[in-house]
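Read the structure below first, then the notes.
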Amino acid sequence: MKFQWIVLALALGAGLLTRYIMDQNESRPSESIVQSPTEHIDLKALHSGKNTVDLFSPTDQRLRIVYFGYTHCPDVCPTSLAVLSAALQSLPQDNLTQLWPVFITLDPERDTPEKSAEYAGYFHATITGVSGSDTQIKALAEKYGVLYMRTEMKDSAMKYSVDHSSYFYLLQPDGTLIEKVPHTLNSAILVDAITRNLPQQLAAN
């Protein structure tokens, strides 16, 4: 818990500034979003570490909580994943078994399946860090309206950054979007969204 609060404190100013910038650009189309149909792109063979991941497996009825980012992100991603971790830690164990938190990289060139899995695990053991081909990532971004764009950084060891929108996407097992929660520093907001969209809540409705 101490680690998460340190991350939140360090990222507060930069996270809010980046969120403001992304909000200003939210209505602008991104050159990085694939414009072609996605029906023929295999999204069932993503990878986390040494494992193949099917985000849309019908046999796994857990509620998906998906966040798109990248491991070199200096502020927004660590802030958001720390908030996700705090939300998960505040939920009862019975609820945790019904959830599948997933971090999907928008930078597959640098973020291997192993690196993505390791990075996600820093924040919470249950978060699955996922990577895939550039085509798969672009298709997923298009599917959920994720805006992102690569920005070259001359004279920097990082070489480039990935500017991106910041939302938590709550998905049904078949990939249907139920709700998306904007970037927040208040984990209670995310907990509330998760709680009202747990499988038993959806079934009751």
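The values are calculated or read from the model by the stated rules, or taken from the named source; none is laboratory data. All values reported here derive from a predicted model rather than from experimental measurement. All Cβ positions, glycine included, derive from the backbone under ideal geometry; neighbour counts span all protein chains shown.
A few points about this structure:
- Single condition Ala141 does not satisfy, out of (1) touching a His at 6+ places or on another chain (Cβ under 8 Å); (2) hydrophobic (A, V, I, L, M, F, W, C); (3) at pLDDT 95 or above: (1)
Residues checked against (1) within 20 Å of Tyr167 (Cβ to Cβ); (2) surrounded by fewer than 16 Cβ atoms within 10 Å (Cβ to Cβ); (3) touching a helix residue (DSSP H, G or I) at 6+ places or on another chain (Cβ under 8 Å):
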residue: Pro58; (1), (2), (3): no, yes, no
residue: Ser85; (1), (2), (3): yes, no, yes
residue: Asn95; (1), (2), (3): no, no, yes
residue: Trp100; (1), (2), (3): yes, no, no
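- Condition check for Asp107: surrounded by fewer than 24 Cβ atoms within 10 Å (Cβ to Cβ) and more than 14 Å from the chain's Cα centre (by Cα): no
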